[in-house]
1. Considering only residues that are open to solvent by 50 Å² or more (accessible area, probe 1.4 Å), touching an Asp or Glu at 6+ places or on another chain (Cβ under 6 Å) and modelled with pLDDT of 65 or more, which ones fall in segment 47-77?
2. Scan THR131, THR110 and give me the residue that is under 30 Å from ALA251 (Cα atoms), β-branched (Val, Ile, Thr), at pLDDT 90 or above and out of contact with any Leu (no Cβ under 9 Å at 6 or more places or on another chain).
3. ALA190 versus (1) touching a Cys at 6+ places or on another chain (Cβ under 8 Å); (2) of a type in the set (A, V, I, L, M, F, W, C); (3) in contact (Cβ under 8 Å) with a residue 24 or more places away in the chain; (4) closer than 23 Å to ARG171 by Cα: which is the lone unmet condition?
4. In segment 154-175, what residues are touching a Ser or Thr at 6+ places or on another chain (Cβ under 7 Å), surrounded by fewer than 23 Cβ atoms within 10 Å (Cβ to Cβ) and of a type outside the set (Asp, Glu)?
5. What's the number of the only condition in (1) in a strand (DSSP E or B); (2) open to solvent by 60 Å² or more (accessible area, probe 1.4 Å) that ALA299 fails to meet?
6. For a quick check of your reading of the model, give me the residue pairs whose first member lies in segment 75-86 and is under 9 Å from VAL27 (Cα atoms), whose second is open to solvent by less than 20 Å² (accessible area, probe 1.4 Å) and part of a strand (DSSP E or B), with beta-carbon atoms closer than 6 Å and at least 6 apart or on different chains.
7. Among residues belonging to segment 285-296 that are closer than 23 Å to PRO338 by Cα and either free of Cβ contacts under 8 Å to residues at least 12 places away in the same chain or of a type in the set (A, V, I, L, M) (or both), point out the one that is most open to solvent (accessible area, probe 1.4 Å).
8. Looking only at segment 220-232, count how many residues are in contact with a helix residue (DSSP H, G or I) (Cβ under 8 Å, 6 or more places away or on another chain) and buried (at least 22 other Cβ atoms within 10 Å of the Cβ).
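The values are calculated or read from the model by the stated rules, or taken from the named source; none is laboratory data. Note that this is a predicted model, so its numbers are computed, not measured. Backbone-built Cβ (ideal geometry, glycine too); neighbour counts: all protein chains shown. With ligands, DNA and RNA removed, areas are computed over all heavy atoms of the protein, side chains included. Shrake-Rupley method; radii C 1.70, N 1.55, O 1.52, S 1.80 Å.
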Amino acid sequence: MAANTFGRLLAFTGWGESHGPAIGCVVDGSPPSLALSESDIQPWLDRRRPGTSRFTTQRREPDTVRILSGVFEGKTTGHPISLMIENEDARSKDYVDNAGKYRPGHADYTYDAKYGIRDHRGGGRASARETAVRVAAGAIARKVLDALVPGGVTVRGALVQVGPHAIDRARWDWTAVDENPFWCPDRETAKLWEDYLDGVRKAGSSCGAVIEVVAESVPVGLGEPVYGKLDAELAAAMMSINAVKAVEIGAGFAAVVLSGEDNADEMRMDNGKVLFMSNKAGGILGGISTGQDIVVRFAVKPTSSILTPRRTVTRDGAEDEIVTRGRHDPCVGIRAVPVGEAMLAFVLADQLLRHRAQIGGFGA
């Protein structure tokens, strides 16, 4: 399988399967002399870790990260940083009965059709378990951003819709995000989601979600015209996350109903600097950052593993029926919030290093 590496100057290569002995990644291109230890990475992994509430999979993984290379005396050496996370609570027996059946909504059929072999134990590389290594790599990207951008870059995310229930943006409060198990910035909607997801979970069903990730204090000038567009790479990064089916930046699809006048982000001068009067563009124009907040939203489909019988076919070509048992998220979008943050941070750090290599400093 090719294409396990993401990024250009700063890149990570992921490895491992959902039910293998471990998962991990190798991060290459990190600048030397950055202070780095497991304690810099672990808090981010703890945010994505399964089994933290009744609304996520009850697989109990500590997700303890180990740094195997690339760090000496507490600082990065500039060499590849190898990270490993052991799988400690895999239950492969849950998947034995359906080993010969293709699960609807999963990658079982396409993996088998492409490679002629598939890992039925939780989906192998197609499992959301793989996203833990993205979060670990994203922690290193955050260190790069903090070291190279004066004042640092703030990257944070929130869940803004679960099933048909969206937040009220008038009640958006970032402090609320850490107060509930959904990363919800609207306290009232978070309470509604509890009842809704309890019903979904008890029915053995699932639902989708929309996640919004925001980067603040991003320098002007990151990204390149045409094929190195910042927004194009962000879209690719988010679409690469398991179960993501759509991405929008700034106003996104809502821009369709706006007039040209309403969609244009007017500009003024403020103490010698350009000031934008709005941010419909989501902080990116012509593929290059404007210095405004970068705003990205992505949609996660309902978890494909459900208890309701679904029609399917077997590897032998027979028609059959399947019920997917095991421990699954009723809404996998909940744990996608820290994953989206990590991918946003990684794209920005990679683009920052590329900008410095070509230009040297930052734009106006």
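1. Within segment 47-77, just ARG49 meets the criteria.
2. Details: THR110 fails: under 30 Å from ALA251 (Cα atoms).
Answer to the check: THR131.
3. With (1) touching a Cys at 6+ places or on another chain (Cβ under 8 Å); (2) of a type in the set (A, V, I, L, M, F, W, C); (3) in contact (Cβ under 8 Å) with a residue 24 or more places away in the chain; (4) closer than 23 Å to ARG171 by Cα applied to ALA190, the lone miss is (3).
4. Kept after step one, since they are touching a Ser or Thr at 6+ places or on another chain (Cβ under 7 Å), are these residues of segment 154-175: 154, 165, 167-168.
After this cut, where a residue has to be surrounded by fewer than 23 Cβ atoms within 10 Å (Cβ to Cβ) as well, the list is 154, 165, 168.
Within segment 154-175, THR154, HIS165 meet the criteria.
5. (2)
6. Note: pairs meeting the criteria are ILE81/VAL27; LEU83/GLY24; LEU83/CYS25; LEU83/VAL65.
7. Out of the qualifying residues, it is VAL295.
8. Filtering segment 220-232 for residues in contact with a helix residue (DSSP H, G or I) (Cβ under 8 Å, 6 or more places away or on another chain) gives 221-224, 228, 230.
Of the ones still in play, those that are also buried (at least 22 other Cβ atoms within 10 Å of the Cβ) are 222-223, 230.
So the count comes out to 3.
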